[in-house]
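Read the figures in this text as sums done on the coordinates, not as results from a lab. The model shown is predicted, which means the values in this text are computed figures rather than measured ones. Here the Cβ is made from the backbone with ideal geometry for all residues, glycine too, and neighbour counts use every protein chain on show.
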Amino acid sequence: MAHILVVDDDETVRTFAGRMLEFAGHTVSRATGGREALALLEIRKPDLILSDIKMPEIDGLDLFREVRLCYPELPFIGMSGDFSKIYADVPFDAFLSKPFGLDDLTRTVEEALAGQMLVLN
């Protein structure tokens, strides 16, 4: 299975998403924000990043831009409780609206890993 980096400043979301992905057979690393995620990327490149958008310091949009510069092929799933036109214009590989369930999470991850674009509202 895949190595997935889950990035969210909310510990509950980070824990839920990480555990569900581990349950689905993936290896999961967790970061509390964009800065920590970039540091983890230097150590080990994941197969996919699942990142919250609204975070302090380096938010998900800035993280996405940095990742695309260094790893343009790395699948990136954005997530937020507020899907707006701003995010619709960002070329994420997929987008998850919070709150999401296990089925939405696993399906979105599998489809992003397979290279399919998906947005769940």
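Whole-Hz Karplus values for the range 19-32 come out as 5, 5, 5, 5, 4, 7, x, 8, 8, 10, 10, 10, 9, 7 Hz, taken residue by residue from phi with 6.51 cos²θ - 1.76 cosθ + 1.60 and θ = phi - 60°; glycine and proline positions read x.
Rounded to the nearest 0.05, the FRET efficiency derived from the C-beta distance between Asp103 and Met1 at R0 = 25 Å is 0.90.
Proximity of backbone amide H atoms, modeled 1.01 Å from N, is registered between Lys54 and Gly60 at under 5 Å, excluding neighbours fewer than 5 places apart on the same chain. Note on Asp47 and Asp10: the model spin-label points, each 7 Å out from Cα along the C-beta direction, lie 2.7 nm apart.
Annotation: amide H of Arg30 within the under-5 Å range of Val6, sequence separation 5 or more or interchain, hydrogens built in the peptide plane.
In the chain, the calculated helix contribution to ellipticity at 222 nm averages -12000 deg cm²/dmol per residue, counting -39,500 (n - 2.57) for every DSSP H run with n ≥ 4.
Based on C-alpha pairs under 8 angstrom that are at least 6 apart in sequence, the chain has a relative contact order of 22 percent.
Within the listed set Ala94, Ala37, Ala24, the Gaussian network model of the chain (springs between alpha-carbon atoms below 10 Å) gives the highest mean-square fluctuation for Ala24. The label-point distance for Glu73 and Thr27, in a model that sets each label 7 Å from Cα toward Cβ, rounds to 1.9 nm.
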